[in-house]
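Structure first, then comments.
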Amino acid sequence: MSDLTILHLYPKEMNLYGDHGNILALKRRAEWRGYQVKVIEHHLGDTIPKHVDIVFGGGGQDSGQSKIEQDLRNNAAHIKELIDQGTPGLVVCGLYQLFGEYFQTNDQQKIQGIGALRCHTIAGPTRLIGNIVISSPEFGEIVGYENHSGLTQLAKDSRPFGTVVQGAGNNGTDLTEGILYKNFIGTYLHGPILPKNPRVADFLILKALQRKDPSIKRLKALNDNVELHAHSVAANRPR
Ligand code: GLN
């Protein structure tokens, strides 16, 4: 039996700007520490298994989001339960928006989300595009790339994933980026985010392992020279 089961949501419809790389980073970083990892791809019409350790979903165009809308809603109760119970996960851009209440597109189409994260998104007049740097108390500096029309507003009691240092983030005005709810992260950062922000990857892996074995206090350190070099190159790019 695998030590960790990763659920990869809609790999065909939701995979922009290297988002699949996040799965590779999670898998390898766990395997390098001796854990066995199984990745389950969830495609339209599939049933999400009861037991999942980490949830991941990438970004997509408005048309991709419309395609998955119904299937995601069919699985909403199970996904919400996983998140509320503390299952760690990461959803990027298009799926971040649909894990919130809704995304209203530029042509006034309202794509319903599942309300697992307390935020909603309405498309703005210009796309927010470019390299982005944010900072967070848990993870320090986080780097990525954003490209979205959606402007996301967090509910009053929601906590952002980070504060914008360079770029737009949730909406280009309030300096918030993403959301952190229990062990679950929603973010606009593509790139992909995890290979060059290994602390975020390890947060997800550690939380997943600790839910199975609370005696695990930390992960074995890895040589992150390459990852940290990639991080610093990204951090020093102009917007
Ligand atoms: N279609 C959404 C938007 O434009 C999400 C884009 C994305 O996932 N990069 O806001």
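Every read-out reported here was derived from the displayed coordinates using simple, explicitly stated rules and does not represent laboratory data. All of these numbers come straight from a predicted model, not from anything done at the bench. Quick reminder, even Gly has a Cβ in these numbers, built from the backbone with ideal geometry, and neighbours come from all protein chains shown.
Could you tell me whether I134 is closer than 24 Å to A25 by Cβ and either within 16 Å of the ligand (Cβ to nearest atom) or outside any loop (DSSP other than H, G, I, E, B) (or both)?
yes
Which residue out of F56, F99 is farther than 30 Å from N223 by Cα, within 16 Å of the ligand (Cβ to nearest atom) and of a type outside the set (K, R)?
When all the criteria are applied, what remains is F99.
For the range 102-130, how many residues are within 14 Å of the ligand (Cβ to nearest atom), more than 22 Å from L204 (Cα to Cα) and surrounded by 14 or more Cβ atoms within 10 Å (Cβ to Cβ)?
Qualifying residue count for the region: 15.
Limited to the range 162-175, what total is found for residues that are more than 16 Å from the ligand (Cβ to nearest atom) and crowded, with 19+ Cβ neighbours inside 10 Å?
2
Kindly list the number of the only condition in (1) touching an Asp or Glu at 6+ places or on another chain (Cβ under 6 Å); (2) within 15 Å of V92 (Cα to Cα); (3) touching a residue at least 60 places away in the same chain (Cβ under 8 Å) that fails for A208.
Single failed check for A208: (2).
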